[in-house]
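One structure is given below, represented as C-alpha cells, and several questions about it will come after.
The values are calculated or read from the model by the stated rules, or taken from the named source; none is laboratory data. Predicted, not measured: the structure shown is a model, and the values here were computed from it. Neighbour counts are summed over all protein chains in view; Cβ atoms, including those assigned to glycine, are modelled from backbone coordinates with ideal geometry.
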Amino acid sequence: LYKHFGKFGFKLYDYCRGIDNRILCRERNVKSTSIEHTFPTDIHSANKCQQEILLIINNLREKINKENHQSKIKKVFVKVKFSDFRQTTIEHLSTTINPELILNLTKSAFERHPKSVRLLGLGVRYNQQNQQLVFKFPNQE
C-alpha cells in the first residue's frame, strides 16, 4: 500500500482492519433535510410527478417539524432521477415549504429530461451560522 499510496497507505492498512484513532465528533451542523421515494414502476408524466411530490411534501414537513428546523429554511430543492439513471436537481430560495413553488420546480425538473422517472426527492437547505469567511490582508484594518 505504501508503494501505491505513500504515507496514506499506512492509514489505509489500519482502516481496513478497523483501526481508526481519529477523534469522533458527535455534534454536527445539519445542512439539509430531504426525503426521496423510489417508485416500483416508472412515472411517465410531469402531472403524475406533481401528484407524487404532493405526498412527499407532507412527509418532509413532518420530518422538519420533528427536527425543529422550520425557522432555518433557506432553499427548497427537488431531485428527479430518470429511468436511464440521469438525475437533475433544481432549487429555489424559499424560507417555507410552498407547495405551488415545489410543483413548479417538479415540472421544470421533469422538462429538463422528459423521460420516465424512477425517483423523486424533495428537500430543504438550511441557513448556516458563521458561513461567511473573512480574510484580512496586509495593510487592511
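Residues in region 34-90 that are of a type in the set (Asp, Glu) and closer than 16 Å to Arg112 by Cβ: how many?
Qualifying residue count, region 34-90: 1.
Return the residue satisfying two criteria in turn: it lies in region 119-141 and is in contact with a helix residue (DSSP H, G or I) (Cβ under 6 Å, 6 or more places away or on another chain) and at pLDDT below 95, and of such residues it is surrounded by the most Cβ atoms within 10 Å (Cβ to Cβ).
Taking the candidates together, the pick is Tyr126.
Keeping to region 1-40, report how many residues are over 30 Å from the mean Cα position of the chain (by Cα) and either under 30 Å from Glu91 (Cβ atoms) or small (Gly, Ala, Ser) (or both).
2
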